[in-house]
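The values are calculated or read from the model by the stated rules, or taken from the named source; none is laboratory data. Quantities reported herein were computed from a predicted structural model and do not represent experimental measurements. Here the Cβ positions follow ideal geometry from the backbone for every residue, glycine too, while neighbour counts run over all protein chains shown. Ligands, DNA and RNA are excluded from the accessible area calculation, which covers all protein heavy atoms including side chains. Shrake-Rupley method; radii C 1.70, N 1.55, O 1.52, S 1.80 Å.
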Amino acid sequence: MRPRRQPRVAVLLLAGLLAACQQAPPPAPAPPPATANAYGATERAFVELAIATDEQALKLLDLTDRAELKENRAIELTALRELLDAPYVNQHAGHDMPGMPTDAEIALAATSRDALDQFVRTHLTESLEVVRSAGSAITHPPTAEVVKLMERHRTAELAAG
């Protein structure tokens, strides 16, 4: 008589299948690494902030007789909007942020030449600091070029007084 191996083999096969079913599924593949020099969250945050700041600054600069300031902000706004990868929504409206004149400051500047001069200088100085700090974090070449443009503008504007 033959020994009964079939039940043992069946039991071993069944045990193996059950064990395989209880194993954790293989891990999901890792997302592809961020492409170096891609337009990412840092760039978008900077672009949105810079647009909000320049738009608000234009309200202040409209009170001055310095056409180059207004022209430079218009050039920057055009370049910044070209970088956007989605519709722009001003997330910074009403905020009191470095380099961004507030509505109260603009109202005061409209009544006082000294206040106007002070707020323009503050805008230039503080926005230059923001631009310089962004420059070290921006890796997307077209955005980095706009950052350099803005830095050149602010530096020249401050030098002009």
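So the values come out like this:
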item: Cβ-based net charge around Ala74, under 12 Å, with every Lys or Arg adding one and every Asp or Glu removing one; result: -3
item: Local electrostatic count at Arg113 - Lys and Arg +1, Asp and Glu -1, tallied over other residues with Cβ under 15 Å; result: -3
item: Chain lengthening between Leu63 and Thr125 when straightened (0.36 nm per residue, less Cα-Cα); result: 20.5 nm
item: Added length on full extension, which subtracts the Cα-Cα distance from 0.36 nm per residue, Leu149 to Ala41; result: 36.8 nm
item: Solvent-accessible area of His95 with every protein chain in place, 1.4 Å probe, in Å² to the nearest 10; result: 80
